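Shown next, in structure tokens, is the structure this report addresses.
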Amino acid sequence: MLYKLFFLSFILCLILTPAVRFMAVKKGWMAFPVKERWHKKPTALMGGIAIYISTAFPLFFISDPGLLIPYIFKKASIYTLPPIDTVIWAGMTLLFILGLLDDFIRIKPQTKLVGQILAASFIAFLGFRLYWFSSLTLDTIVTIIWIVGITNAFNLLDNMDGLCTGIAFIGCVYFILLFSGHSMNGGFVSSILLAGALAGFLVYNFHPASIFMGDCGSLMIGFVLSMLGIHYSNTISTNALGAFAVPVMIMMVPILDTSMVTFIRLLSGRKASAGGKDHTSHRLVIIGFSEKDAVMFLFGIGAVSGLSALFVSTNDSLTSPAVIIPFAISIILMGIYMAQIRVYPEKEFCLLRNHSYTPILVELTYKRQLALVVLDFCLIAFSYYLSYRLSFNFQEFSINFKYFLNSLPVIIGCKFLIFFAVGIYRGIWRYMSSNDVFVYIKASIGASVFSLALVVFIFRFENFSYNIFFIDWMLTTGLLLGTRGSFRISLDAVKRKSVSGQRVLIYGAGRGGEILLREIINNKKHNLEPVGLIDDDVLKTGKKLQGYLILGTFDDIPALREKYDFNSIIISFNGKEPNNLEGAKLFCKNAGMDLKRFAIEFKSVDL
């Protein structure tokens, strides 16, 4: 029955949004293109009005806000909390009004922040806390920071068509699933109503958007989701780890985006509150994603984060780290990849040192090996933990947990000793080759054998199992190769997506063509964009070289020119002439195209 509320708010928002858009255009409530913003055409604002009405009006009649009065004047029992749906209605109304003021009169960032802190303090005053810490003072402060932080995170996430709306909708869906076993719960009702309104608004807000929600929408949405996280933490969660991890994982996309943007802006001397094209979504577009694909990619991250949160919510504290740790490592690595994409001129990424500017990215280059050591520390500990968790059921794991803790320092020390001796920290991970793969496998085998021998020597192998060490070796090897390979794959993907310039057809799909493609992908100074390759060998047609399709033979050039509109042909035969060199010269001359020859040669240098 309660799911009908979803369709109620969905239909309301579907009807109200065009009306608000019409009013916005008529009244001039428009977002005009500016240098710091992403959109390129005037777009109606105030879509948050439709979202608010579609959510708050039904919630008003369900929640009865008058119930708050005894709690405000402390006439109700101090041991009970007011209904969560009533508190959400009151808070979202306050944040909606604050956002509306900002949309109309552009209040200062510090004024807006004060308003958010007051709303969060009101929530803490009513008795709502995260219950993450035993200290009530610390927990109250962290609760206020959580509400303000998530509210602002969704405000900052509203930087590309449909992004904030979609991520918030995904978050609501997961809260609905988490609260579904408590159908009479006010958090369940609130999440259903907001999800319906967001789904209706997304119809008009997805790329190309015809209306934006404005601060009156993003601040309100952020507040509601922060409250749903608090409600899960102090009401639904069954273990301390889940109480902390589940809300954070559901909010991971806005948390990642806000953390990365704020950190980089502060390091580069820019105001954290200033607008800019340096968000996660913008960086994805820079490396070659379309705007729609970038948003869908982040939707995917949000969906995976939510699925991980569902797993944690249904498992105990000893099993949950098996998902939490790799998820956290993946998010950190993604943040590192995104942070390295250059958005502003390099001089802006700098620290003042000795009255000169040192590029941050250059500074970080010298610390990459240190970062790998820290990463491997986490991987070694996680692999050993997971091998225990996979080898025993919960009761057996609880019994054997002390043996795991006693032997963990030995495992970490042994593996680092072998890793260092074999030389896995002497390689350059961005140029990882098959030889490096064998080095990692050799290091992992050696580390596991040495660890096993030392455990036998120290603990006489009592209460241990060979099965644990075999699983640990497989996990360690897989994670070593996976993390290093992800560095190489991500960098290669970024380079391929950002290839642009003069469109060229490569003649020759052999060794020379492979070397040429690598050079074009890795060296943007050439300003070339391959459309594909041709080769005299007809058997190669339809196959791929370095990800580029072999489109046909020399005879197909006229048809390929019509289809792919390339401006030049590059001959890439290695050490020999192509069969149709003269024909290529004649075709390029008649078509007014360039014909170039790629070759590698060694020249002696006069001493």
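The values are calculated or read from the model by the stated rules, or taken from the named source; none is laboratory data. Being a predicted model, the structure only gives us computed values, none of them experimental. Cβ sites come from the backbone with ideal geometry, for glycine too, and all protein chains shown count toward neighbours.
No other residue among L130, L81 is part of a loop (DSSP other than H, G, I, E, B) and touching a Gly at 6+ places or on another chain (Cβ under 7 Å) apart from L81. Annotation: of all residues in segment 390-435 being touching a helix residue (DSSP H, G or I) at 6+ places or on another chain (Cβ under 7 Å) and loosely packed, with under 14 Cβ neighbours inside 10 Å, the one that is modelled with the lowest pLDDT is R430.
On inspection, A168 qualifies as within 25 Å of R265 (Cα to Cα), crowded, with 24+ Cβ neighbours inside 10 Å and modelled with pLDDT of 90 or more. Suppose we filter segment 11-30 for residues that are in a helix (DSSP H, G or I) and either of a type outside the set (A, V, I, L, M, F, W, C) or in contact with a Lys or Arg (Cβ under 7 Å, 6 or more places away or on another chain) (or both); how many remain? Counting residues in segment 11-30 that are in a helix (DSSP H, G or I) and either of a type outside the set (A, V, I, L, M, F, W, C) or in contact with a Lys or Arg (Cβ under 7 Å, 6 or more places away or on another chain) (or both) gives 5. Which one of R511, R496 is touching a residue at least 60 places away in the same chain (Cβ under 8 Å), loosely packed, with under 14 Cβ neighbours inside 10 Å and either under 29 Å from I600 (Cα atoms) or of a type in the set (D, E) (or both)? Checking each option against the conditions leaves just R511.
Of the residues I107, I72, I11, I117, the single one that is surrounded by fewer than 22 Cβ atoms within 10 Å (Cβ to Cβ), at pLDDT below 90 and over 18 Å from G214 (Cβ atoms) is I72. Pairs linking a residue in segment 61-73 that is under 9 Å from P83 (Cβ atoms) to a residue that is part of a helix (DSSP H, G or I) and not basic (K, R), with Cβ atoms under 7 Å and 6 or more positions apart or on different chains, are S63/D85; S63/T86; S63/W89; S63/G186; D64/T86; L67/T86; L68/T86; L68/A90. So, D535, is that one under 42 Å from the mean Cα position of the chain (by Cα), within 19 Å of R503 (Cα to Cα) and either of a type outside the set (F, W, Y) or outside the structural domain of G510 (by TED's automatic domain parsing) (or both) or not? Considered against the rule, which asks whether it is under 42 Å from the mean Cα position of the chain (by Cα), within 19 Å of R503 (Cα to Cα) and either of a type outside the set (F, W, Y) or outside the structural domain of G510 (by TED's automatic domain parsing) (or both), D535 comes out as yes.
Every residue, every condition in (1) in a helix (DSSP H, G or I); (2) crowded, with 24+ Cβ neighbours inside 10 Å; (3) within 23 Å of the chain's Cα centre (by Cα), yes or no:
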site: P208; (1), (2), (3): no, no, yes
site: I221; (1), (2), (3): yes, yes, yes
site: L228; (1), (2), (3): yes, yes, yes
site: L241; (1), (2), (3): yes, no, yes
site: I255; (1), (2), (3): yes, no, yes
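In this structure, does G478 turn out to be among the small types (G, A, S), assigned by TED's automatic domain parsing to the domain that holds F382 and within 22 Å of S391 (Cα to Cα)? In short, yes. Scanning segment 243-253 for residues that are closer than 27 Å to G127 by Cβ and either assigned by TED's automatic domain parsing to the domain that holds I141 or part of a helix (DSSP H, G or I) (or both) gives A243, F244, A245, V246, P247, V248, M249, I250. Scanning segment 440-461 for residues that are closer than 20 Å to D376 by Cα and buried (at least 17 other Cβ atoms within 10 Å of the Cβ) yields Y440, A443, S444, G446, A447, S448, F450, S451, L452.
Yes/no per residue for (1) free of Cβ contacts under 8 Å to residues at least 40 places away in the same chain; (2) at positive phi; (3) within 26 Å of the chain's Cα centre (by Cα):
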site: V449; (1), (2), (3): yes, no, no
site: L452; (1), (2), (3): yes, no, no
site: Y466; (1), (2), (3): yes, no, no
site: L481; (1), (2), (3): no, no, yes
site: G501; (1), (2), (3): yes, yes, no
site: N523; (1), (2), (3): yes, no, no
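For segment 152-168, a tally of residues being closer than 19 Å to P208 by Cβ and assigned to a helix (DSSP H, G or I) returns 6. Taken residue by residue, segment 349-365 has no member that is surrounded by fewer than 16 Cβ atoms within 10 Å (Cβ to Cβ), at pLDDT 75 or above and assigned to a helix (DSSP H, G or I).
Taken over segment 197-247, the criterion of being more than 21 Å from L113 (Cα to Cα) and touching a Cys at 6+ places or on another chain (Cβ under 7 Å) is satisfied by A197, L198, G200, F201. State whether the residues of segment 176-193 include one that is within 22 Å of the chain's Cα centre (by Cα) and either under 28 Å from T262 (Cα atoms) or surrounded by 24 or more Cβ atoms within 10 Å (Cβ to Cβ) (or both). Checking segment 176-193: not a single residue is within 22 Å of the chain's Cα centre (by Cα) and either under 28 Å from T262 (Cα atoms) or surrounded by 24 or more Cβ atoms within 10 Å (Cβ to Cβ) (or both). Looking only at residues in segment 306-323 that are at pLDDT 90 or above and of a type in the set (A, V, I, L, M), the one that is surrounded by the most Cβ atoms within 10 Å (Cβ to Cβ) is A309.
Does G187 satisfy the criteria of being in the same structural domain as M46 (by TED's automatic domain parsing), under 17 Å from I62 (Cβ atoms) and not β-branched (V, I, T)? So G187 passes the test.
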